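Here is the structure we will look at.
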Amino acid sequence: MHSLEVAQMVKHNLSLIESVVRNAEQDITILAALLHDIGKTETLALKQHTDLGRLVDHEKLTLLVLAEPL
């Protein structure tokens, strides 16, 4: 839910900037908002941090998680 809310907020804010037209950069910005917390999949279990999550912030793992697909 949080990532969807962030993406909606980013899309709305982009729409307020007159110089921004719908293009690939806008789509990439919205996609980045959707994926900004993807590193949490490696750092959180159901109700607690994983062993890795106790050592590394999820922000540091986002690119690692996305590296192969990108």
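The values are calculated or read from the model by the stated rules, or taken from the named source; none is laboratory data. Small disclaimer: the values here were computed from a predicted structure and weren't measured. Ideal geometry is used to build each Cβ from the backbone, glycine not excepted, and the neighbour counts take in all protein chains shown.
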> What helices (runs of 4 or more DSSP H), lying completely within the chain, carry at least 2 residues that are small (Gly, Ala, Ser) and surrounded by 10 or more Cβ atoms within 10 Å (Cβ to Cβ)?
Replying inline: 2-16, 24-35
> Counting only residues that are at pLDDT 85 or above and of a type in the set (Gly, Ala, Ser), which one in segment 1-32 is nearest to the chain's Cα centre (by Cα)?
Replying inline: Ala32
>> For segment 40-69: of the residues being under 19 Å from His2 (Cβ atoms) and of a type in the set (Lys, Arg), which is farthest from the chain's Cα centre (by Cα)?
In response: Lys47
> How about segment 26-70: which of its residues are among the polar types (S, T, N, Q) and without any contact (Cβ under 8 Å) to a residue 24 or more places away in the chain?
Replying inline: Gln26, Thr29, Thr43, Gln48, Thr50
